[in-house]
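I have placed the structure first, in the form of structure tokens, so that the comments after it can refer back to it.
The values are calculated or read from the model by the stated rules, or taken from the named source; none is laboratory data. Keep in mind the model is a prediction, meaning the values are calculated, not measured. In this analysis, Cβ positions are derived from the backbone assuming ideal geometry, glycine residues included, and neighbour counts consider all displayed protein chains.
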Amino acid sequence: MNWSEPLFRYGQAVRVGLLDHLAANPWKVSMTTSWPRSVLQCLFFTLLGGVANDAEGITFAFIGSAALVITLATIVGIADVPMTDKWMGTVHRIQLSRMAALGIFVARSVPWLLEALVTVAVSIIAVGLLVGRFPLALELLAGLPILLVMIVSSAVAGLAVASFAVGRNADVLLGNGMMYLVIAAGGIVIPPGRLLWLDAVGSVLPIRHGLLALRAYVDGRPWLGELAAEIAVGAAWAVVAWAAFRHQTVVARRDGVDALA
Amino acid sequence: MSGQAIVVDGVSRTFGRGATRVIALAEASFSVAPGEVVALLGSNGAGKTTLIKVLSTLLLPTTGRAELCGHDVVGDVHAARAVTSVVFGGDRGLYARLSGRDNIRFFGMLAGVSRRELRGRVPTALEQVNLTAAADRPVETYSKGMRQRLHLAIGLLSRPAILLLDEPTIGLDPLEAERLRGAVTELRDHGVAILLTSHYLLDVERLADRVLLLGDGRIRRDLTLAEFVRQAGHAAEVVVRGGGEPPALDGAHPAWVVGCSVTKENDGWTVTLRLRAWSAEVFRELGALFANVGVHDVQVREERLEDAFRRLAGQSAR
Amino acid sequence: MMALGANADIVLVSARHQLLMFLSAWRFTVVLGVIQPAVFLLVTLGAAPTAGSAYAGRTSVAVLLTAFWSFTVWTGAGILRRERAEGTLAATLVSARDPRLVLVGKSLGASSASGVLIVVTITAVLLGLRQPVTVEHPIWFAVGLLVVLLSGTALGMLLSCLFLVTRFGAQISSALMYPVFLLGGLLIPLSTVPVPLRWLSWLVSLHWVNEFLVSSTSGDPDLAALGLTGLLTAVYAVAGAVAFDRVSDLARRRGTLELV
């Protein structure tokens, strides 16, 4: 099979995603707004964890807050990818393309994954220093493979959420809604197990199992099981995203109502 | 209908159900040959864009069949898309933050143009539409005309056998519009089958070989351009003013006179003639009619397509 | 007197208009006015499940002000930016009415609507959790809430003008939220902020109104804090007026700000 053409196509889509992302978010702007925001958000939730629970709470919340930073790019920000086609009126070109819509959106999402990686690393180092937990920060950075899995799983969940949001102009509502759900149910600031129903919701959200894996890794406990669970959750959301975009394409041709346009 | 680039056979398209059901297209049937330009005319809501969307495979037909170079738009979607380009035009449909070159490259790739082909075709397409100098500027800095030309360049990149143009000159100044028509004419000369919709009858006049008139989703007329004008009623109106006695025009008129009226005024007369055709022969015969009277002024108004359209559209609506 | 009445009219009509805009953008409103305060309250009360009503009271006030600041930064501050995006800014700037009054009215509308929604959300969550909260001085508390409203209005005006002159308003809004969350002494006590940075909280009106509102729930109302809130609000309002003149200057004299 000739792989060079498909590689070229996806490469082009990644390239366009990067160019558009940089045009909308130039380096200078990202470094002076998005990155500080990530650091400050991480710091805020870390300190919040310490308000009721002192030193132990800060440590717990620091790990959780670092993971939460990922969602700014992968759940909230990534909705911009399909929304850009809606704003620019280019949906019909996506519908007529030789590539599947989800494939195009995934390729164009690469900058958001990179942004998640950069912001989580910067936040871990900066907040680790600010709250006197720099050795822990280094351990978290050593857990990069776990963070990468969380970045990918939350990104596909973010695209799945965006697929429902685009047609209803609900990207802000659903993207932020999911992020706040992760805060409430993902074991970010308070340990899971306080509310059973919230736990159940959290178990199917991205970040939750990855975070448990990361905590186990830092504590020196077995972590592969939770990592596998995070991968499984990500795979399930990927199926949801694929089905949702495919369904919308079919409905658009059949009913003339394009949820993506 | 073999050898036709576009074949549409009984295509209908409805939206909604029950009380909210709308018939956007009803039993449309026609064909377009390679190297032919067919214009779709009709008032807003007549079904023009719906037809373009069905042929471009963005919409499924509810009933009927359409083929593009022999490929069914429903059953053989990818092959149909491979031979067609659709240009919707307008201010949107481009990534405004990216350059024209980046847009054309990306959309060309989406349309199936290979990497090797893109390398050669992108500069050529930009040159064809006179956008080479602006190619590396963000599209958001482009004028309306430049965006429209970029849309066309994207449409041409895959070297389609069939080009679907939806209001290609909308929002363009007369010079830009003329440039765009020039590009379309060149494509026709290269054998591309072109189906275009337009509200500007100048587009039709300058480009079209045939005219399909749509009304309420149905094709009401399928005419050559000349037939279109003739069917509307008359080709020209001649107004002659003079003094003294008016010419004797009572009784039988020549065959090329469709209608005639004579008005007497205090100091003269006015004769208004509507002519079926306007040619050198008609001009000579007209001169003979007025040979023995005192003519002060002659005005000739050729029938505009707007008038033809208005008349035909009005007839179609009844 | 008549001029006062006419001016009040402009402000009220503009406020009402902004309320309608607020309702039409309900998705955004739900995130900032319902989801955010509800989650913050659940997390902070969940972190200390055995803490009493005094803690709940302090936390509820802090969540109120935190969410109110988010709202101000995202909606109030975006008023003029959205007007420009819709193509209606020109009509405001060159209208027969004083455009500053129109902006005051719209900012007031945004602040009022957000304030009411957040209070309702917090009340609903507290009721749902069966968490009692006592307010010893309800009238002073109400005065405090009114001052919050005015402060939000002034801040909204100031930020609205500043955000108009950059195309990265969304990114700046996003970045402005957390500095106040951290330095305002709201959910995070000031004692956790490094000493060299604590003076920054003096410049944040929400810090002082937080002190006042918390003191109104138990103990004696801190009137000095209320006074400082009022003073800072006045400073924001003056800065907002100056910023607005700058916007008009850019638009009409220099022609560097496109209104349509």
The residue from C:Gly46, C:Gly152, C:Gly57, C:Gly128 that alone is within 28 Å of A:Met178 (Cα to Cα) and within 19 Å of the chain's Cα centre (by Cα) is C:Gly152
Across the stretch C:42-61, the tally of residues that are more than 10 Å from chain A (Cβ to nearest Cβ), crowded, with 22+ Cβ neighbours inside 10 Å and not polar (S, T, N, Q) stands at 2
Per the filter on the stretch B:82-129, residues without any contact (Cβ under 8 Å) to a residue 60 or more places away in the chain, among the polar types (S, T, N, Q) and more than 8 Å from chain A (Cβ to nearest Cβ) are B:Ser99, B:Asn103, B:Thr124, B:Gln128
TODO: Would you be able to say whether some residue in the stretch A:205-216 is more than 20 Å from the chain's Cα centre (by Cα), at positive phi and among the small types (Gly, Ala, Ser)?
DONE: no
Against the definition (under 17 Å from A:Ala155 (Cβ atoms) and either within 13 Å of another protein chain (Cβ to nearest Cβ) or surrounded by fewer than 23 Cβ atoms within 10 Å (Cβ to Cβ) (or both)), how does A:Val172 come out, yes or no? no
By residue number, the members of the stretch A:186-204 that are surrounded by fewer than 24 Cβ atoms within 10 Å (Cβ to Cβ) and either touching a residue at least 40 places away in the same chain (Cβ under 8 Å) or hydrophobic (A, V, I, L, M, F, W, C) (or both) are A:Pro191, A:Leu195, A:Leu196, A:Trp197, A:Leu198, A:Ala200, A:Val201, A:Val204
Exercise. Condition test on A:Met31, is it within 14 Å of chain B (Cβ to nearest Cβ), modelled with pLDDT under 95 and surrounded by fewer than 23 Cβ atoms within 10 Å (Cβ to Cβ)?
Worked result: no
Per the filter on the stretch A:92-105, residues touching a residue at least 24 places away in the same chain (Cβ under 8 Å) and facing chain B (nearest Cβ under 9 Å) are A:His92, A:Ile94, A:Gln95, A:Arg98, A:Met99, A:Ile104
Of (1) surrounded by 13 or more Cβ atoms within 10 Å (Cβ to Cβ); (2) more than 17 Å from the chain's Cα centre (by Cα); (3) hydroxyl-bearing (Ser, Thr, Tyr), C:Thr29 fails just (2)
Of the residues in the stretch C:28-45, those that are modelled with pLDDT of 85 or more and within 16 Å of C:Gly78 (Cβ to Cβ) come to C:Thr29, C:Val31, C:Leu32, C:Gly33
Scanning the stretch A:18-28 for residues that are more than 10 Å from chain B (Cβ to nearest Cβ) and part of a helix (DSSP H, G or I), the one modelled with the highest pLDDT turns out to be A:Leu18
Those residues of the stretch C:171-200 that are touching a residue at least 40 places away in the same chain (Cβ under 8 Å) and more than 7 Å from chain A (Cβ to nearest Cβ) come to a total of 6
The lone condition A:Ile124 fails out of (1) away from every other protein chain (no Cβ under 11 Å); (2) over 29 Å from A:Thr32 (Cβ atoms) is (2)
By residue number, the members of the stretch C:128-167 that are part of a helix (DSSP H, G or I), of a type in the set (Val, Ile, Thr) and in contact with a helix residue (DSSP H, G or I) (Cβ under 7 Å, 6 or more places away or on another chain) are C:Val147, C:Val148, C:Thr153
query = Is it the case that the stretch A:134-142 has a residue that's away from chain B (no Cβ under 14 Å), small (Gly, Ala, Ser) and part of a helix (DSSP H, G or I)?
reply = yes
Taking the stretch C:1-20 and keeping only residues that are free of Cβ contacts under 8 Å to residues at least 60 places away in the same chain and aliphatic (A, V, I, L, M), one is left with C:Met1, C:Met2, C:Ala3, C:Leu4, C:Ala6, C:Ala8, C:Leu20
Flag for B:Leu172 being free of Cβ contacts under 8 Å to residues at least 24 places away in the same chain, not hydroxyl-bearing (Ser, Thr, Tyr) and not in a helix (DSSP H, G or I): no
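Rundown of residues vs (1) under 30 Å from C:Leu101 (Cβ atoms); (2) surrounded by 14 or more Cβ atoms within 10 Å (Cβ to Cβ), yes/no style:
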site: C:Leu187; (1), (2): no, yes
site: C:Leu190; (1), (2): no, yes
site: C:Pro194; (1), (2): no, no
site: C:Trp199; (1), (2): no, no
site: C:Val209; (1), (2): yes, yes
site: C:Asp220; (1), (2): no, no
Any residue that is within 14 Å of chain B (Cβ to nearest Cβ) and either crowded, with 22+ Cβ neighbours inside 10 Å or not β-branched (Val, Ile, Thr) (or both) - is there at least one of those in the stretch A:62-80?
yes
Requested in this report: Check whether at least one residue in the stretch A:187-198 is at pLDDT 90 or above and part of a helix (DSSP H, G or I), and report yes or no.
Outcome: no
Scanning the stretch C:24-42 for residues that are in a helix (DSSP H, G or I), free of Cβ contacts under 8 Å to residues at least 60 places away in the same chain and closer than 20 Å to C:Gly109 by Cα gives C:Ser24, C:Trp26, C:Arg27, C:Phe28, C:Val30, C:Val31
Output for Cβ contacts, cut-off 9 Å, separation at least six or different chains, first residue farther than 13 Å from B:Pro254 by Cβ in the stretch B:276-305, second among the acidic types (Asp, Glu) and assigned to a helix (DSSP H, G or I), reads B:Arg304/B:Glu205; B:Leu305/B:Glu205
*Considering every residue within the stretch B:65-76, establish whether at least one is within 11 Å of another protein chain (Cβ to nearest Cβ), surrounded by fewer than 23 Cβ atoms within 10 Å (Cβ to Cβ) and closer than 16 Å to A:Ile94 by Cα.*
no
Check: On the given criteria, is B:Ser158 on the phi < 0 side of the Ramachandran plot, within 9 Å of another protein chain (Cβ to nearest Cβ) and crowded, with 17+ Cβ neighbours inside 10 Å?
Finding: no
The condition from (1) without any contact (Cβ under 8 Å) to a residue 24 or more places away in the chain; (2) under 23 Å from A:Val118 (Cα atoms); (3) among the polar types (S, T, N, Q) that A:Asn169 misses is numbered (2)
